[in-house]
Amino acid sequence: MPDVVTLGDINVDVLARVPFYPPPGGDSLAEGVEVRAGGSGANTAVVLSKFGQQVSILARVGEDILAGYALSDLREAGVDLSLVQRDAEAMTGLVFAAVTPDGERTFFSCRGANARAVLQSGDERRIQDARVLHVSGYALVESPQREAALRAIEVARQSGVPVSLDLGVEITTTAREDIVKILSVVSMIFPNRAVARWLTGKDSAPESVGVLLGLGPEVVGLKLRDKGCLIGSADGVFPVPAFQVDPVDETGLATASMRG
């Protein structure tokens, strides 16, 4: 049985490196294009698997060449794909990212089959047997994937399985009250500064962590980009520095050489 079940998106990412971002109706010739497997749920599954965890991903892809590409990357990382659903009517999720020389990126996303994921027979059993359920915030954006994610959280909670939630700006800004309710039943959350500020109204990172802990989670991991993160729990709030890397871009998918 898996140590972790991740519930989220599987995408193919197309990264175009452009010298500048053009105005509406303009043009910018890409200096290079890369195609990579991605998606918040998939990225988390790959990283956890590389850390030695047994990971299953609950997601949905199309019956197309993009699915084969994305799934091969997960399979190579050792992620269990038995919970991945196939959709004959929707394409695999696709993200186009324009990356400028300063490393910033602008996303254009088509979630495709991701948004059509459901909880199938046997999925609940796998969640009950896991050590942790990890849910991507994108899974809460659209139905029926949203209902599948909420049901998965409920099943995990009833079974005593800790739930971690990686919050995104999209769902937080469009459904703040819903997210606040969910925070009362999850164990760990991983917001960035924008999400934390939107939820708490606090500009101070430590204050944001304190307010978020008061909403229910046992652990808050506030992401601070190159500054690392703040980990908050009943034991206090502790800074954790970032890994030393040679940054390539802001997508979180680029190859980086570790220095320690």
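Taking the dipole about the Cα centre of the chain, with the C-beta of Lys and Arg at +1 and of Asp and Glu at -1, give me whichever of VAL211, ASN11, LEU81 is farthest to the positive side.
Checking the options against the dipole of the chain, the answer is VAL211.
When the chain is fully extended, how far beyond the present Cα-Cα distance does PHE108 get from GLU177, taking 0.36 nm per residue of separation?
Net length gain for the segment: 22.2 nm.
For a test of the definition: using alpha carbon positions, the gyration tensor, and the 1.5 limit on a/c, classify the range 52-92 as rounded, prolate or oblate.
oblate
Need one word for the range 1-109: rounded, prolate or oblate. Basis is the Cα gyration tensor (sqrt eigenvalues a ≥ b ≥ c); a/c below 1.5 gives rounded, then a/b vs b/c decides.
prolate
If I take every Cα pair under 8 Å that is 6 or more residues apart in the chain, average their sequence separation and divide by the length, what percent do I get for the relative contact order?
15 percent
Could you identify which residue out of GLU31, GLU154, GLU63 has the top mean-square fluctuation in a GNM of the chain using Cα springs shorter than 10 Å?
Looking only at GLU31, GLU154, GLU63, the biggest GNM fluctuation is shown by GLU31.
Below 8 Å between Cα atoms, with a sequence gap of 6+, how large is the relative contact order for the range 1-121 in percent?
It comes to 31 percent, rounded to a whole number.
Can you tell me how much longer the chain between ASP203 and GLN128 gets when fully stretched, taken as 0.36 nm per residue apart minus their C-alpha distance, in nm with one decimal?
Here the segment from ASP203 to GLN128 would lengthen by 23.2 nm.
Name the residue, out of ASP235, ASP166, ASP203, whose mean-square fluctuation peaks in a Gaussian network model built on the chain with Cα pairs under 10 Å.
Result: ASP235 has the largest fluctuation of those listed.
Of SER136, SER187, SER72, which is the most mobile in a GNM of the chain whose springs link Cα atoms less than 10 angstrom apart?
SER72
Using Cα centres only, tell me the gap between the range 23-44 and the range 106-161 in whole Å.
The range 23-44 and the range 106-161 have Cα centres spaced 26 Å from each other.
Considering only DSSP beta bridges where both residues belong to the range 1-121, give the percentage that are antiparallel (nearest 5).
So the antiparallel bridges in the range 1-121 amount to around 45 percent.
Can you give the charge dipole size of the chain about its Cα centre, rounded to the nearest 20 debye, using +1 on the beta carbon of Lys and Arg and -1 on the beta carbon of Asp and Glu?
It works out to roughly 500 debye.
Give, in nm to one decimal, the length gained when the segment between LYS227 and LYS50 is fully stretched (0.36 nm per residue of separation minus the Cα-Cα distance).
Between LYS227 and LYS50, full extension yields 61.4 nm more.
Just so you know, all these numbers are worked out from the coordinates, no wet-lab data involved. No experiment lies behind these values; they were computed from the predicted model shown. Because the Cβ atoms are built from the backbone with ideal geometry, glycine has one as well, and the counts that use them run over all protein chains shown.
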